[in-house]
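Colleague: Dropping a structure here in structure tokens format, bear with me for questions.
Please treat every number below as a calculation from the coordinates, not as lab data. All figures in this text were calculated on a predicted structure; none of them were measured in a lab. All Cβ positions, even for glycine, are placed from backbone atoms using ideal geometry, and neighbour counts span all protein chains on display.
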Amino acid sequence: MTDAPLLKVEDLHVSYNTPTGVVEAVRGVSFELGREKLGIVGESGSGKSQTGRAILGLVAPGGQRRARRLEFDGTDLLSADERTMRRIRGDCISMIMQDPKYSLNPVMSIGAQIEEAFLVHRETIRQEARERTLEMLRAVKIREAERVYKAYPHEVSGGMGQRIMIAMMMIPEPDIIIADEPTSALDVTVQLQVLAVLDDMISERGMGLIFISHDLNLVASFCDRILVMYGGQVVEQCLAAELDQARHPYTRGLLNCLPSLDHGQDELPVLKRDPAWLSAVKVSS
Amino acid sequence: MGLTSASSGQTAGSGLAPPSVLVSIIGVMVSLTLTFIGLTAITFVISRVMPVDPVLAIVGDRASDEVYQQVYLQLGLDKPIYIQYLRYLGQLAEGDLGTSIMTAQPVIDDILRFFPATLELATVATLLGIFVGVPAGVFAAVHQGRWPDHIVRVVALLGYSAPIFWLGLVALLIFYANLGWVAGPGRLDVFYDGIVEPKSGILLLDAALADEWDIFHNALSHLILPASILGTFALAYIARMTRSFMLDQLSQEYILTARVKGIPERQVIWRHAFRNVLVQLITIIGLTYASLLEGSVLTETVFSWPGIGQYITHSLFNNDMNAVLGGTIVVGVCFVGINMLSDLLYRLVDPRVR
């Protein structure tokens, strides 16, 4: 941890009432985040996305959030009213969604959508917002920013859409960015470009990043610290550089499933799940 | 990575280029002409294959053979049907829809007299449907599953399923006969009749233009009840559709994006979700308006409203085929026109189809 934590999460629970009973999507997640890059890895359904949404207070309808503590920079997010939460969203904590095809409004021009993210938090004239938007588009390596400003989401490619998303979420200069599978909907070649842009902007501005992904290798190479989630719990917490020393059987199992170029393997092992993991104690290094 | 070329060619960059506008206008004109020819052909053939003798309808059954023959030739009934049709098209091009047997006047004059009444009624009803139905639908969707939603749903269901003539009679009984809040059937009180020169045929407009505010108020008082009854029907449909479109949009990912940006909920709903709802609503509103313009015979009958629906129905009962044909063509033109208009609006609202 580099300095005093910006975000403190303690014993976070998210549950949904369904006709068949209560489903616990997140079960007692705790972590702290400073101005660093934290990766949350887990398979689908492990509760990693729900954790991100719960921090912003945007749990889907029917869901409930509980926690012992949820604090951003001294503000208690659990007791914050809607007004305070709106001020925090975008301006302090923001989130990049998975697929720009669905996460951008199809009938609003790209410029208007980015500008709006800025205008809602700053009292400023439109002209300035427009200049900031163009600046931001250039910062995410978009050529012909003027043209893209006037274009609509269906007129741009996926990689470009995701860079637009990054520009939109970065424009109010938040302290924390939650990136929820930001590259999963993209081609492998485009993934790296988008990640490079994201990395540049995070480091330049000294933000905290929560990088949610199912891709263990990607997270290990991109982040400083890793949380491994399984069944709504954090099962392992370690530094990215020390991932190869992970001790939890789930993490070990995942690592073993990854093919390696150096050592030939005839058969990749299949992860065997142990029901005991669902109630297992956290391993931390 | 530039703009993708997949976006239908013309959309990239500088907006609509002039040649594509020209092409789309020509396309619209061609499809309009074809639709019109199809419409007239079908209605014409139907009017000719009906087991009604148009000559007999004119001369009556006591006319001599000589008179019968003369009229028969005059109408061109001895010619093959396609010649008759072409002749009819020729007359149509000159604005001649033939003469009505029932009113002994040119059909076009009748239509110019009756259609504005329906236009007035349908327009006010549709406006009511839009200005009440759309907010009600949005309100219900935003409060899904709670009491505002239940109220809107029940009211919409009642409005949609209650027989319109029954609603009309009950409304007349309560608001006209018992409470006396509004004027009764017809478009105007007798002593106001014929004072204002019918420039457009739309009484509210004519009275306002002539600065006759007494007449304006009287016309409005007559209009409000039938328009509300007809509007209830439009409202119920529009509210139901708005609600379901809105629910669909609110569950989309871009709504989450807007909330993440910290945008107030009211703006999330109206600026983000509603703009997408509007795209779908245009079609619904256009169709509703067109179907009301077709003339709502039941409402017009209950309220003695001299509209096109009543005119066509009466003509049909009196075997007045010229009038039926003329009325049908007017209604058809309305349908086509409104469809074209909603198509244009659609392009304006949705950048994806531009």
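Colleague: Using only DSSP helix segments of four residues or longer, with each worth -39500 (n - 2.57), what per-residue ellipticity at 222 nm results for chain A after dividing by its residue count and rounding to 500?
Modeller: Value at 222 nm, helices only, nearest 500: -9500 deg cm²/dmol.
Colleague: According to the Kirkwood expression over distinct Cα-Cα pairs, how big is the hydrodynamic radius of the range B:240-286, in Å?
Modeller: 10.8 Å
Colleague: Expressed as an acute angle from 0 to 90° and rounded to the nearest 10, what is the orientation of the C-alpha long axis of helix B:107-142 relative to the principal long axis of chain B?
Modeller: With rounding to tens, the tilt is 20 degrees.
Colleague: Can you work out D for the range A:54-132 in µm² s⁻¹ from Stokes-Einstein, where Rh is the Kirkwood radius over C-alpha pairs, the temperature is 4 °C and the viscosity is 1.567 mPa s?
Modeller: 88 µm²/s
Colleague: Each residue of the range B:192-197 in turn: what ³J(HN,Hα) in whole Hz from Karplus with 6.51, -1.76, 1.60 and θ = phi - 60°, glycine and Pro shown as x?
Modeller: Taking θ as phi minus 60°, the curve returns 8, 4, x, 7, 8, 6 Hz for the range B:192-197.
Colleague: If you don't mind, there's one more thing I want to ask. Treat the range B:25-96 as a sphere of radius equal to its Kirkwood radius over Cα pairs and apply Stokes-Einstein at 4 °C in a medium of 1.567 mPa s; give the translational diffusion coefficient in µm²/s, rounded to a whole number.
Modeller: Roughly 92 µm²/s, to the nearest whole number.
Colleague: Provide the per-residue ³J(HN,Hα) series for the range B:239-249, in order, calculated from phi with Karplus coefficients 6.51, -1.76, 1.60 and θ = phi - 60°, each as a whole number of Hz, with x at glycine and proline positions.
Modeller: 4, 4, 5, 4, 4, 6, 4, 5, 4, 4, 5
Colleague: Can you put A:His121, A:His214, A:His263 in order of Cβ neighbours within 10 angstrom, beginning with the fewest?
Modeller: Going from sparsest to densest Cβ surroundings: A:His263, A:His214, A:His121.
Colleague: Nearest 10 degrees is fine. How inclined is helix B:274-293 to the longest principal axis of chain B, computing both from alpha carbons?
Modeller: Approximately 10 degrees, to the nearest 10.
Colleague: Mean shadow of the range B:108-353, computed from the convex hull of its alpha carbons, in nm²?
Modeller: Value for the range B:108-353: 16.0 nm².
Colleague: Also, quick follow-up: What value in Å³ per residue do you get for the convex hull of the alpha-carbon atoms in the range A:45-204?
Modeller: 133 Å³
Colleague: Report relative contact order for chain A in percent, whole number only (criteria: Cα-Cα under 8 Å, sequence separation at least 6).
Modeller: 23 percent
Colleague: Over all residues in B:260-272, what is the mean tally of Cβ atoms on other chains that come within 10 Å of each residue's Cβ?
Modeller: Whole-number average of other-chain Cβ neighbours for B:260-272 is 6.
Colleague: Oh, and also: Leaving out same-chain residues fewer than 8 places away, which aspartates and glutamates sit with a Cα under 17 Å from that of B:Lys79?
Modeller: B:Asp53
Colleague: With viscosity set to 1.567 mPa s and temperature to 4 °C, compute the Stokes-Einstein D of chain A, Rh being the Kirkwood radius across alpha carbon pairs; µm²/s, no decimals.
Modeller: Reported coefficient: 65 µm²/s.
Colleague: Can you give the calculated 222 nm mean residue ellipticity of chain B, where each DSSP H run of n ≥ 4 adds -39,500 (n - 2.57) and the sum is split over every residue, rounded to the nearest 500 deg cm²/dmol?
Modeller: Mean residue ellipticity, 222 nm, calculated: -22500 deg cm²/dmol.
Colleague: I'd like to know which of B:Met340, B:Gly133, B:Ile263 lies farthest towards the positive end of the charge dipole of the range B:108-353, counting +1 on Cβ of Lys and Arg and -1 on Cβ of Asp and Glu.
Modeller: Going by the Cα projections, it comes out as B:Ile263.
Colleague: Something else: Got a sec? Charge dipole of the protein assembly as shown, +1 on Cβ for Lys and Arg, -1 for Asp and Glu; which of B:Leu278, B:Val196, B:Thr313 is way out at the positive end?
Modeller: Farthest towards the positive end: B:Leu278.
Colleague: Another one. Hey, got the Cα dimensions of the range A:138-285 along the principal axes, in Å, largest first?
Modeller: 54, 36, 25
Colleague: Loop only per DSSP, at most 15 neighbouring Cβ atoms within 10 Å: give me the trypsin sites (Lys or Arg not before Pro) in the range B:133-216, ordered by residue number.
Modeller: B:Arg146, B:Lys199
Colleague: Using the alpha carbon gyration tensor of the protein assembly as shown, what are the three equivalent-ellipsoid semi-axes (square root of 5 times each eigenvalue), largest first, in whole Å?
Modeller: Gyration-tensor ellipsoid for the protein assembly as shown: 67, 28, 23 Å.
Colleague: If you plug each phi of the range B:58-70 into the Karplus form 6.51 cos²θ - 1.76 cosθ + 1.60 with θ = phi - 60°, what whole-Hz ³J(HN,Hα) values come out, in order, with x for Gly and Pro?
Modeller: 8, 7, x, 7, 9, 6, 6, 4, 4, 4, 4, 4, 4
Colleague: Another question about this same structure. Under 8 Å for C-alpha pairs, at least 6 residues apart: give me the relative contact order for the range B:108-353, rounded to a whole percent.
Modeller: It comes to 30 percent, rounded to a whole number.
Colleague: Apply the Debye scattering formula to the range A:1-68, with a single equal point scatterer on each alpha-carbon and no solvent, then give log10 I(q)/I(0) at q = 0.25 Å⁻¹.
Modeller: Values, matching the q order: -1.16.
Colleague: Fewest Cβ neighbours within 10 Å first, please rank A:Leu198, A:Leu6, B:Leu34, B:Leu75 accordingly.
Modeller: Listing A:Leu198, A:Leu6, B:Leu34, B:Leu75 from fewest to most nearby Cβ atoms yields B:Leu34, B:Leu75, A:Leu6, A:Leu198.
Colleague: Hey, another quick one. When you look at the Cβ of every residue in A:158-170, what mean number of other chain Cβ atoms sits within 10 Å?
Modeller: 1
Colleague: Can you pull the mean other chain C-beta count within 10 Å for peptide B:247-257?
Modeller: 5
Colleague: Give me the mean projected area, in nm² to one decimal, of the convex hull enclosing the Cα positions of the range B:197-279.
Modeller: 8.2 nm²
Colleague: While we're on this one: Please identify the helices of chain A, taking whole runs of DSSP H, that span at least 24 Å along their own axis as judged from the Cα atoms and have a mean Kyte-Doolittle score of -0.5 or higher.
Modeller: In chain A, the long hydrophobic H runs are A:188-205.
Colleague: How would you rank B:251-264, B:90-103, highest first, on the average number of other Cβ atoms within 10 Å across their residues?
Modeller: B:251-264, B:90-103
Colleague: Please report the antiparallel percentage of the DSSP beta bridges confined to the protein assembly as shown, to the nearest 5.
Modeller: Bridges in the protein assembly as shown are about 55 percent antiparallel.
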